[in-house]
Amino acid sequence: MTTLAELNSFSCTDFIRLIGPVFEHSPWIAEATWAKRPFASIDGLHRALCQTVQAAGVEKQLALIRAHPDLVGRLALAGALTNESTKEQASAGLDQLTTEEIAMFQSNNAAYQQKFGFPFVICARLNKKDAILAGFRARLGNSTEQEIKTALEEIGKITYLRLQDIIQPPA
């Protein structure tokens, strides 16, 4: 773990190396946020990172959403997720599904992807499989604008938990 004081003293390269993976395959967020140092707290760092995402515009926001893997998707089944995503999906029990449950997730992923053009994003660490499946059903009724907003909110939850995993809380 790194302290906030250490993080605030990092070069841009070191900052990106540590904070870049917090946002799935999107190190540009850390790079754009580095200049906003020093950060007084994990909350302040998280807020600055999320402000970078909000200010980035819809195209970059969609690229961020699309960087996320499908839940129980091809990459998960092939063991090709990032370490963070692997742990997060396992915490929701998504690594212990029956064949029928896998088929349900894949069917929901396909319907969601077809409707919105990006993957269903939910903070797996804060949910279990039944809640995630219910989320698919509920959110498929949303508009694209609602889903972009919801996906970014879920990414905010994911990234906050990831920051807590790598930054030592103050003593």
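The values are calculated or read from the model by the stated rules, or taken from the named source; none is laboratory data. Being a predicted model, the structure only gives us computed values, none of them experimental. Cβ atoms come from the backbone with ideal geometry, glycine included; neighbour counts cover every protein chain shown.
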Specify the residue that is nearest to ALA48 (Cα to Cα); the eligible residues are those in the stretch 161-171 that are in contact with a strand residue (DSSP E or B) (Cβ under 8 Å, 6 or more places away or on another chain) and not in a helix (DSSP H, G or I).
ILE167
So GLN96 ticks every box in (1) touching a helix residue (DSSP H, G or I) at 6+ places or on another chain (Cβ under 7 Å); (2) at pLDDT below 95 but one. Which box is left unticked?
(1)
Note on the stretch 1-47: residues in a loop (DSSP other than H, G, I, E, B), of a type in the set (S, T, N, Q) and more than 18 Å from the chain's Cα centre (by Cα) are THR3, SER11, SER41
Output the qualifying pairs, or none if there are none: Cβ atoms under 9 angstrom, residues six or more apart or on different chains, first residue in the stretch 99-118 and free of Cβ contacts under 8 Å to residues at least 40 places away in the same chain and within 14 Å of ASN142 (Cα to Cα), second residue buried (at least 19 other Cβ atoms within 10 Å of the Cβ) and among the acidic types (Asp, Glu).
TYR112/ASP70; TYR112/GLU147; LYS115/GLU147; PHE116/GLU147
Considering residues that are hydroxyl-bearing (Ser, Thr, Tyr) and surrounded by 14 or more Cβ atoms within 10 Å (Cβ to Cβ), the number found within the stretch 134-156 is 1
Could you pull out the residue among ALA55, ALA131, ALA30, ALA48 that is surrounded by fewer than 19 Cβ atoms within 10 Å (Cβ to Cβ), in contact with a Ser or Thr (Cβ under 9 Å, 6 or more places away or on another chain) and under 20 Å from LEU152 (Cβ atoms)?
ALA48
What number of residues within the stretch 128-160 satisfy the criterion of being charged (D, E, K, R), in a helix (DSSP H, G or I) and under 27 Å from ILE42 (Cβ atoms)?
4
Flagged pairs (Cβ under 7 angstrom, 6 or more apart or on separate chains; first in the stretch 152-171, closer than 14 Å to LEU18 by Cα; second of a type in the set (S, T, N, Q) and in a helix (DSSP H, G or I)) are none
